Ligand SMILES: *Cc1c(COP(=O)(O)O)cnc(C)c1O
């Protein structure tokens, strides 16, 4: 079932890229597999998917151990400082960096395992009380405060748009994130490249692609709705 869902999503991505004159290769599909069993991940791995997104450290580590080693694991959820050490050698990229303290810990752990971890700055683009992420107005300050840390590379911005009934309602947030990244890029801050924009989920990934997303994070449209009633998936 995940396989046929994946084909639908892939066809939509191709169509949207064509319509917005973007190269399909510039849009990375991350399959968000949180709460889903290994068998479902394996099904779309077999279809060629190599980018998977998880939002819990323990779950990412568990799946990392069980799945093939050529997978790129994306940490997309809120990350506690004391847990960075468990994923520093496993995670491909961290999308959810929103503080100096967290950046310093990622830096420290990256140096320990002798790698450079690509990170994105999570922006609370709609200024929602319920969301993590830095305020738009604090983004540049955070970047300037962490850009010289060893072991990390700031690659761009990430945002989780509000839950919208109509995907069009989120277009303004995607354009705002894009504009913010253009503004920051123009400042030519040391070690900062603003080439990546992680935005768009199952409900609005087409609009996000139209507005310049380089990474879309799609869960339920590939794997089906999540069941949070299973307690160990909370
Ligand atoms: C769960 C999650 C997604 C995927 O959500 P869907 O609506 O199921 O596509 C994307 N990004 C983040 C940060 C998530 O936590």
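Before moving on, here are some points about what is shown:
- For the pair residue 1 and residue 15 in one chain, pulling the backbone fully straight at 0.36 nm per residue adds 2.9 nm over the alpha carbon distance.
- Spatial separation of Cα centroids for the stretch 105-130 and the stretch 178-200, in angstrom: 15
- Using a simple spin-label model with pseudo-atoms 7 Å out from Cα toward Cβ, residue 138 and residue 85 lie 2.7 nm apart.
- Bins of 5 Å, starting at 0 and running to the largest distance - Cα pair percent for the stretch 1-149: 2, 9, 17, 18, 17, 17, 12, 8, 2, 0
- Taking label points 7 Å from Cα along the Cα-to-Cβ direction, residue 220 and residue 65 give a separation of 3.1 nm.
- Packing-based order for 40-53, 22-35, 206-219, 84-97, using average beta carbon neighbours within 10 Å, highest first: 206-219, 84-97, 22-35, 40-53
- The overall shape of the stretch 103-164 is prolate: from the C-alpha gyration tensor, with semi-axes ordered a ≥ b ≥ c, the ratio a/c is 1.5 or greater and a/b exceeds b/c.
- Förster radius 25 Å - calculated FRET efficiency between residue 148 and residue 113 (Cβ-Cβ, nearest 0.05): 0.80
- Eigenvalues of the alpha-carbon gyration tensor of the stretch 109-234, scaled by 5 and square-rooted, set the equivalent ellipsoid semi-axes at 26, 20, 13 angstrom, largest first.
- Whole-number percent relative contact order across the stretch 64-112, with pairs defined as alpha carbons under 8 Å at least 6 apart: 40
- Full-extension gain in nm, residue 190 to residue 168, via 0.36 nm per residue minus C-alpha separation: 4.4 nm
Coordinate-derived values only; no laboratory data. Please read these numbers as outputs of a predicted model, since none were measured by experiment. A quick note on method: Cβ atoms are made from the backbone with ideal geometry, for glycine too, and the neighbour counts reach across all protein chains shown.
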